[in-house]
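What follows is a set of notes on a single structure, which appears directly below.
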Amino acid sequence: MEAMSTSVPIGTALTAGTAGTAGTAGTAGTAGAVGYAAVAAQILVVVAGAPLLTGWMRQVRARLEGRAGAGVLQPWRDTRKLLRKESITPVGTGPAFRAAPALLVATTVVAAALVPLLSTDTPVSSHADLIVVVALIALGTFALALAGLDTGTAFGGMGASREMTIAALVEPTILLSVFALSIPAGTTNIPAIVSGAAHEPARLASPAGLLAAAALAVAVIAETGRIPVDNPSTHLELTMIHEAMTLEYAGPDLALVELGAQMRLTLLLGLLSSLFAPWAIATSGSWAALAIALVAFAAKVCVLAAVLAAAEVLWAKVRLFRVPELLAGSFLLALLAVAASYFLNGAGS
Amino acid sequence: MGLLRKIRATGRVAEPAPPRPEGGVLEKARELGGSAQVRCVDAGSCNGCEIEIAAAFNPLHDAERYGARIVASPRHADVALVTGPVTRNMAEPLRRTVAAMAEPRLVVAVGDCAIDCGEFAGGHGVEGAVADVVPVDLTVPGCPPEPEAIVAALRRVTGR
Ligand code: SF4
């Protein structure tokens with residue numbers, strides 16, 4: 001009885017908070033049910049869709065290289081096989097190594113629930129602050145870097161140090177480029193930024209929006225370890241960044257690490273598309289809008305992934321010592337975006 | 001842009017998939033379910049076999065379409081492709097590599113050298129064939145074996 005009586009005010013408070021932030025006209029009752037469904041759908045689409053997206057990218061690459069390709073389902077087959085295999089805890093590894101795979105997946109699931117991939121009107125959208133989302137992503141990176149150090153192998157430590165070098169340059173870029181969009185919206189709440197941009201597309205076509213889009217795209221490529229920053233299919237330990245930290249994982253742990261990395265790619269591509277192409281994202285609590293948003297999300301992310309895969313065929317990986325230059329360039333773009341957004345908006349209002 | 005035009009002009013170079021190899025999928029590999037991560041171990045070969053393995057994964061033969069993929073760590077691998085006669089210095093690394101792989105794991109001996117020391121039988125640095133050092137599940141004869149034979153062996157592991 002007591003549990004019941006405490007849970008009711010929290011539920012209503014959340015729904016009220018949502019309606020207040022997103023500023024929708026939908027009634028609280030239906031918005032609640034659709035909102036919860038939207039959160040569940042976002043998590044489900046990121047978890048189940050991430051391996052398919054990776055398979056799709058590999059398939060696009062294979063076709064461009066003249067190969068037949070293993071099919072979009074191959075990453076799911078790999079995951080299924082890894083889950084059946086024996087799990088190995090290497091001698092000398094501690095809690096950091098064991099906790100990292102679960103932490104990586106868990107932080108990504110929470111971030112997937114928060115970021116408005118399908119709907120800006122969910123029970124958790126009032127908590128979806130930019131800084132929370134970036135911190136969740138950074139926590140996953142940090143956990144994996146610790147695990148790389150924990151193995152005590154030469155390559156694990158090397159990969160961890162490289163990953164942290166890149167993360168130190170990427171996280172501020174993600175923060176700044178979204179800040180540039182948050183200035184016209186007047187808040188760092190991502191759903192509010194996205195729904196604002198959906199109603200006022202002119203914000204995105206501004207110089208600030210374009211600069212921020214370019215900066216965020218580079219940051220996403222670096223954060224997910226794609227060419228030209230890192231090569232996800234390399235076999236050369238000396239050039240590895242992300243792979244070097246995961247060399248000691250086997251069986252179910254490896255399945256989680258790979259799933260986590262695939263989910264982060266899906267999540268960040270989804271964030272990019274939500275921020276800069278917010279069309280068809282559900283801004284009100286209706287089932288039809290949610291269904292349309294689901295289809296639109298799949299289409300947008302597939303197109304983005306295909307572009308990324310095609311770019312990977314055309315580009316080569318840059319030398320590790322050139323990566324900071326690339327990332328510093330994208331940071332500068334983000335900084336210019338913030339400055340442009342600040343001054344242009346200041347002049348406008 | 002020149003590269004894009006080249007990609008369009010070249011089109012698909014992968015040869016049509018040959019019929020499934022005889023013998024069907026190995027009993028031990030059934031659990032893998034159409035996915036096999038491969039770790040190559042050169043235990044002392046002349047590099048001829050390595051070139052043929054690389055050819056098996058090129059766009060023409062495209063072993064990846066059957067679900068095989070080369071990985072960087074034995075911990076990620078299901079299959080060890082071992083080439084060459086096992087030299088004294090590589091015997092212990094080979095044992096450790098196979099021990100580092102998670103069960104179920106398979107060892108494929110590629111080339112005549114790996115099967116019975118071939119050209120190098122009786123050499124002073126040769127410890128023995130691969131089967132003398134680690135248990136072997138599948139062999140691919142030939143000196144060097146053709147890429148088609150390597151692909152066929154991998155298909156018996158992935159079952160596709
Ligand atoms: S089988 Fe032939 S090609 Fe292969 S390692 Fe031996 S000598 Fe070289």
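Some notes on this structure:
- Protection proxy ranking of A:143-151, A:85-93, A:182-190, by the mean of other Cβ atoms within 10 Å over each peptide's residues and highest first, is A:143-151, A:182-190, A:85-93.
- For B:27, A:223, order by how many other beta-carbon atoms lie within 10 Å, fewest first: B:27, A:223
- Full-stretch length increase - residue B:8, residue B:31 - with 0.36 nm per residue and alpha-carbon distance subtracted: 4.4 nm
- Degrees separating the helix A:130-150 axis from the principal Cα axis of chain A, which is the longest one: 20 degrees
- Sequence ranges A:201-209, B:148-156, ranked by mean other-Cβ count within 10 angstrom, highest first: B:148-156, A:201-209
- For the range A:239-325, taking Cα atoms only, Rg and Dmax work out to 17.1, 50 Å respectively.
- Alpha carbon centroid spacing (whole Å) that separates the range A:278-342 from the range A:160-230: 8 Å
- Rg to Rh quotient for the range A:118-157, alpha carbon positions, Kirkwood Rh: 1.29
- Excluding same-chain neighbours fewer than eight residues apart, the lysines reachable from residue B:28 by a Cα-Cα span under 25 Å are A:81, A:85.
- Virtual paramagnetic centre 7 Å along Cα→Cβ of residue B:88, amide N under 15 Å, in the range B:101-132: B:122-128
- For the range A:300-349, the set of trypsin sites (Lys or Arg not before Pro) satisfying both a DSSP loop assignment and a count of at most 10 other C-beta atoms within 10 Å is given as A:319.
- Relative packing of A:168-175, A:54-61, which averages over residues the other C-beta atoms within 10 Å, highest first: A:54-61, A:168-175
- Taking every alpha-carbon pair under 8 Å whose residues sit at least 6 apart, chain B reaches a relative contact order of 30 percent.
- Estimated FRET transfer efficiency when R0 is 22 angstrom, pair residue A:298-residue A:36 (beta carbons, to 0.05): 0.60
- Once the C-beta distance of residue B:131 and residue A:187 is scaled by a Förster radius of 45 Å, the resulting FRET efficiency is 0.10 to the nearest 0.05.
- All-pairs alpha carbon distance profile, the range B:26-158, 5 Å steps from 0, percent: 2, 12, 23, 25, 21, 12, 4, 1, 0
- The calculated FRET efficiency for the pair residue B:54 and residue A:99, based on their C-beta separation and a Förster distance of 30 Å, comes to about 0.20.
- Neighbourhood net charge (13 Å Cβ-Cβ; Lys/Arg +1, Asp/Glu -1) for residue A:97: -1
- Kirkwood hydrodynamic radius computed over the range A:123-281 comes to 16.6 Å, based on all pairs of distinct alpha carbons.
- Over chain A, the pair-distance histogram of Cα-Cα distances with 10 Å bins from zero comes to 6, 24, 33, 25, 11, 2, 0 percent, rounded to whole numbers.
- Stretchable slack from residue B:120 to residue B:146, in nm (0.36 nm times residue separation minus alpha-carbon distance): 7.4 nm
- Counting only residues at least eight positions apart within a chain, or on another chain, the aspartates and glutamates with an alpha carbon under 15 Å from that of residue B:6 are A:65.
- Cα gyration tensor shape for the range A:39-140, rounded if a/c is under 1.5, else prolate or oblate: oblate
- Helix B:88-100 and the long axis of chain B differ in direction by around 60°, with both axes built from C-alpha atoms.
The numbers here are math on the coordinates, done by the rules we state, and not lab data. From a predicted model like this one, the values you see are computed outputs, not experimental measurements. Counting neighbours? That spans all protein chains shown, and the Cβs are built from the backbone with ideal geometry, glycine included.
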